[in-house]
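Worksheet: one structure, shown below.
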Amino acid sequence: MATIELENVSKGFRGGTPVLDDITLTIEEGEFFILVGPSGCGKSTLLNAIVGLEQLSAGEIRVDGQRVDHLDPKDRDMAMVFQSYALYPHMTVRENIAFPLRLAGLPKAEIASRVAAAAEMLELAAILDQKPARLSGGQRQRVAMGRALVRKPKAFLLDEPLSNLDARLRVQTRSELARLQQRLGATMIYVTHDQTEAMTLGHRVAILNGGRIQQVGAPRELYRNPSNLFVAGFLGSPGMNLIPARIDGAGLVLPIGTIDWKSLPPGFAGRKQAVLVGIRPEHFHRARTDESPPHALRVEARAEWVEWLGAETFVQLGPQVFDLPAGPGGVGELAAGQSSTVTSAAPIVARFDGTEQVAVGSPVRLWVDAEDIYLFDANSGITLSPSPSQRT
Amino acid sequence: MTGRTSARRLGMLGEFAAMLAVVAYALAPLAWIVSLSLKRPGDLNDGRFLPQAVTLENYRAVFNDVQFPAALWNSMGIASMATVVSVVPAAFAAYAIVRLSFPGRRLLLAGALAIAMFPPAAIVGPLFNLWRALGLFDTWLGLVLPYVSLTLPLAIWTLSAYFRTIPRDLDQAARVDGATPFQTLRYVIAPLAAPGLFTAAILVFIFAWNDFLFATALTSTRAARTVPVAIAFFTGSSQFELPTGAIAAASVVVTLPVIGLVVLCQRHIVSGLTAGAVKG
């Protein structure tokens, strides 16, 4: 197992925008590291660059301090699981798993015992003599895993390994994968576009967009303290609600109400600027009586639509409640440049407990703790510093 | 109900009749030659489709001929050599063309096609002089070389079309698993492209086996003369007799290996060999 360092890694195709733009990362030994981002963000290209299937335009890749970016894939000693699994269709499961060992020139007895060990770990023993065409999706996925781990490589690279499985199997395989990684103590780099996989599997997560790293950190850190609008909008489902607002003499002025200065973190006094306010759906609380924290934003709204999912209830409050500006400088324009997950027409969504009953069309009284309000620069999308509070 | 069934039956009958007509059209000359080869010399012009009496005399004559057994051996050897020497480099070339991006890739493919369009009659004269000067005249190599040159483009085109159907993920998986580019071709791509390889091999073999032009111009003796030429040089038992029966028998004999080859290879030309490779 190994530490993998990337330094100023860039990749561009002639006459186009860079696919990877100055990426610097360190993946620690034994770490389950996730690369996540929307499609086309360069995450798969980055993975291919690490394993050697793509050449870099600039930068260095080091494994345990040794430069590898000039090496052929076969000399990097990394194993990869492809999104398509890429099993060799003319070989049986046994031959598929043994293939890397055969290429490495291991003695027959050693190959047999290692294949047997991998087959046992992944419960493949019963299908060792079948060809891939006869296997189910889950079995193929496990064969691909077996072919990767039988070599005991320095690192495992996984490119959306669960995306071809059905929903139930995906959840099951996800936890199996996490246990497997823990048991092997392996360095794993895992590419996905699915934020749930990223949050549940990753020790650390790097969020990519447009070939650049937006933020790297533990899932909790990214969720609680996003460094910019993109990260805030990407994590969480449904996503963070974004409302244009401004800071002026009165405090933080939203279309739906005002929070006075005393509630805002220090550092904003005297400033005047346009901002975007971010509120996560779960931070809306239903006001039953008049009780609420002293520093809170109180809102009266109408339930436009209600989605009851058993354990939780999502209530759409409808954009018109907040009188969002649609013109230039609105959320829409900023969001278009930042992310596909944030759209201007997105209704405001509040998440309640499943026991809450809300009728469509009925008025709802809500409050949001000032501590839970995120502020982003309206132009750059960067989280305004000092952030409302260092959330933990 | 019954009307529709009978209409369908009529349609099937029509289809069957059409197929029968095509098969008869294709096989009639062959059947005629087989029939001729089994006739006695005196019956050759009797105008009957079936021989009055079956005799193997013509076949005996063919194999007792001084030329024919040697020619058969030459044909076998030259066609087999041309096949191997053409298909193996074609596989390398096609793999490179399909998987690597290098400058002039399109030009290479276009050039290959241009060579395939070259009329052989235009080069056979110069080759005759050149081969005599180089000592390649009337040798196996002297025929293998032009056959390879003319069939290589065809083989490259066939194989590159086939390699393109193999998912690139498989190459990449093999490379990550520790294979060199050659090992990738040898253990992963070539086995999956087996139908394409056999198709290319059959095409090359048949071209070399059937060629008359080069074989007649570039050979002069038993050392390298192939069957099509040997048949043309057949003489009867007397100079007043046309060796029609023997020619028919020889034609049947030379057709058999080709049919055998195709039947043998057909087993390997099964589609859907890549099923199960990548889709979930």
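The values are calculated or read from the model by the stated rules, or taken from the named source; none is laboratory data. Computed from a predicted model, the values in this text were never measured in an experiment. Cβ sites come from the backbone with ideal geometry, for glycine too, and all protein chains shown count toward neighbours. Only protein heavy atoms, including side chains, enter the accessible area calculation; ligands, DNA and RNA are left aside. Shrake-Rupley method; radii C 1.70, N 1.55, O 1.52, S 1.80 Å.
Brief remarks follow.
- Stretch gain in nm, segment B:ALA53-B:ALA28, where the contour uses 0.36 nm per residue and the Cα spacing is subtracted: 7.0 nm
- Within the protein assembly as shown, percent of DSSP bridges classed antiparallel, to nearest 5: 75
- Rolling a 1.4 angstrom probe over segment B:66-233 with all protein chains present gives an accessible area of which 73% lies on carbon and sulfur atoms.
- Summed buried accessible area for A+B [probe radius 1.4 Å, Å², rounded to 100]: 2200
- A DSSP coil position with no more than 12 other Cβ atoms inside 10 Å describes the following trypsin sites (Lys or Arg not before Pro) in segment B:47-132: B:ARG48.
- Percent of C-alpha pairs per 10 Å bin, segment B:66-233, short to long: 10, 34, 29, 18, 8, 1
- When nucleic acids and ligands are ignored and a 1.4 Å probe is applied, A:SER10 ends up with an accessible area of around 30 Å².
- Percent RCO, i.e. relative contact order, over segment B:2-58, from Cα pairs under 8 Å lying at least 6 residues apart: 26
- Chain A - percent relative contact order, Cα under 8 Å, separation 6 or more: 16
- In a fully extended conformation the segment linking B:PHE182 and B:PHE128 would gain 15.7 nm over its present Cα-Cα distance, using 0.36 nm per residue.
- Threshold 20 Å², segment A:103-126 residues less accessible with all protein chains present than alone (1.4 Å probe): A:LEU103
- Solvent-accessible surface of segment A:97-181, taken per residue with a 1.4 Å probe and all protein chains present: 46 Å².
- Accessible-area loss of 50 Å² or more (1.4 Å probe, protein heavy atoms, chain alone versus all protein chains) is found in segment A:25-56 for A:LEU53.
- Average accessible surface for chain B: 55 Å² per residue, computed with a 1.4 Å probe over protein heavy atoms with every protein chain in place.
- Theoretical ellipticity at 222 nm over the protein assembly as shown - DSSP helices of four or more residues, -39500 (n - 2.57) apiece, nearest 500: -13500 deg cm²/dmol
- For the protein assembly as shown, the calculated P(r), taken from all Cα-Cα distances in 20 Å bins from zero up to the bin holding the longest distance, is 14, 31, 26, 17, 9, 2, 0 percent.
- Under 19 Å from the B:ARG40 label point (7 Å along Cα→beta-carbon), backbone N, segment B:62-88: B:62
- Backbone N atoms of segment A:162-197 closer than 12 Å to the 7 Å Cα→Cβ label point of A:LEU309 belong to residues A:196.
- Remark: spin-label model distance A:ASP64-A:GLN172 equals 3.7 nm, labels positioned 7 Å along the Cα→Cβ axis.
- Taking all Cα pairs closer than 8 Å and separated by 6 or more residues, the relative contact order of chain B comes to 30 percent.
- When the residues A:TYR223, B:TYR147 are ordered by accessible surface, computed with a 1.4 Å probe over the protein chains alone, the sequence from largest down reads A:TYR223, B:TYR147.
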